[in-house]
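Comments concern the structure below.
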Amino acid sequence: ILVIAQPGTVVQASHLPAEPEFSPAPDNVAFEYFNARFISATQVRVSWESLAETDISAFNLYRSVTLDGPQSLVNPIPIPATGLGGGAVYQYDDASANSSHIYFYWLYALIAPNNTLFRLDLPPAIAATPRILLPMVFRKP
C-alpha cells in the first residue's frame, strides 16, 4: 500500500511501527478486511470483519499521524469481541480526528484468559481526505 501524504512524499505501509511493543497475535483470528475512512471533517469510521475468533475477548485500536510514529490508544474502553469462535463485523467511530491529517490505525486483540494484548498481523488502515493536485499552467505573454 502506498499513500501520498504530502506532495512528493511517499509512505510505504509495509513498514509497521513497533509501538506499542506487544507480541504478534497467535493464529486464532482471521480477517476479511480492516479499513478506515472519514465520515465527517472530525470523524473517522474504522471497520473490520473477522472470519474466525478464538479466545479473543476484546479489541483495541491505536492511531498515529505517521506510519512509524508513536501510537496512541483510540478507544477509552476495549471493544468487546462478539464472534464467539466464528466471525463478526465491527466498527468504531473515532471522533477525535481532523480531516487535515492522515491517520494510520492498528488493530490489537485482547486474548483470553489473561487479556494479553497482541498486535494483529494486518497492515494499518489509513484514513485520508482525498486531495487533487493540479499542475499550474502559465500562459506566455
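The values are calculated or read from the model by the stated rules, or taken from the named source; none is laboratory data. Keep in mind it's a predicted model, so treat the numbers as computed, not measured. Cβ coordinates were reconstructed from backbone atoms using ideal geometry, including for glycine residues, and neighbour counts include every protein chain displayed. The protein model used for the area step is the full one, side chains on, heavy atoms only, and it has no ligands, DNA or RNA in it. Shrake-Rupley method; radii C 1.70, N 1.55, O 1.52, S 1.80 Å.
Which one of T129, T82 is hydroxyl-bearing (S, T, Y) and modelled with pLDDT under 90?
Of T129, T82, the one residue that is hydroxyl-bearing (S, T, Y) and modelled with pLDDT under 90 is T129.
Could you tell me whether any residue of the stretch 20-32 is closer than 12 Å to P124 by Cα and either modelled with pLDDT of 80 or more or open to solvent by 30 Å² or more (accessible area, probe 1.4 Å) (or both)? Before the answer, list the steps.
Within the stretch 20-32, the first condition is being closer than 12 Å to P124 by Cα, and the residues that meet it are none.
No, the stretch 20-32 contains no residue that is closer than 12 Å to P124 by Cα and either modelled with pLDDT of 80 or more or open to solvent by 30 Å² or more (accessible area, probe 1.4 Å) (or both).
Given (1) within 22 Å of R37 (Cβ to Cβ); (2) among the aliphatic types (A, V, I, L, M); (3) touching a residue at least 24 places away in the same chain (Cβ under 8 Å), where does L73 come up short, assuming only one miss?
L73 satisfies all of (1) within 22 Å of R37 (Cβ to Cβ); (2) among the aliphatic types (A, V, I, L, M); (3) touching a residue at least 24 places away in the same chain (Cβ under 8 Å) except (3).
Which condition does N98 not pass, out of (1) touching a residue at least 40 places away in the same chain (Cβ under 8 Å); (2) touching a strand residue (DSSP E or B) at 6+ places or on another chain (Cβ under 8 Å), if it passes all the others?
(2)
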